[in-house]
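One structure is given here, and the rest of the page talks about it.
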Amino acid sequence: MQSDESSDDSALLIRDILIHLIKNTDAKDTAAGIHKFWLSAQSSHQSPAKVREALKYLSEQKRWLTQKNAGAAVTLYGLDKAYVDEIQEFLRA
């Protein structure tokens, strides 16, 4: 079970990713690129594994992100624009 602090960190990480995508709706990047360039100072300490976990949740469970294989081991993540309104509502909460 995650601690409250870990849960808060995960929620902040998810919000950072979604905020970036709402501001840059055509942005696409790998998990490594998202970890390096998209996160706020509050989330930048998160491990690459935590970023991959958040991306998996956002793309496979919420379906808010698209995944495109760009090579044998490279996946690009981007916004599924069909969910912009739902994401904006989530961010307002």
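Observations on the structure shown:
- Residue-span extension gain [L91 to S7] - 0.36 nm each, minus C-alpha spacing: 28.6 nm
- One decimal place: the segment Y57-K81 gains 7.0 nm when fully extended, by the rule 0.36 nm per residue minus the C-alpha distance.
- Average accessible surface for the stretch 27-71: 61 Å² per residue, computed with a 1.4 Å probe over protein heavy atoms with every protein chain in place.
- Estimated FRET transfer efficiency (K23, K68; beta-carbon r; R0 25 Å; 0.05): 0.75
- Expected 222 nm ellipticity per residue - DSSP helices of 4 or more, -39500 (n - 2.57), all of the chain, to 500: -13000 deg cm²/dmol
- Accessible surface of the chain, 1.4 Å probe, proportion on carbon and sulfur as whole %: 50 percent
- Under a model in which nothing but the beta-carbon of Lys, Arg (+1) and Asp, Glu (-1) is charged, the chain shows a dipole of about 360 debye around its Cα centre.
The values are calculated or read from the model by the stated rules, or taken from the named source; none is laboratory data. Quantities reported herein were computed from a predicted structural model and do not represent experimental measurements. As a convention, Cβ positions derive from the backbone with ideal geometry for all residues, glycine included, and neighbour counts pool all protein chains shown. Just so you know, the surface numbers come from the protein's heavy atoms only, side chains and all, with ligands and any DNA or RNA stripped out. Shrake-Rupley method; radii C 1.70, N 1.55, O 1.52, S 1.80 Å.
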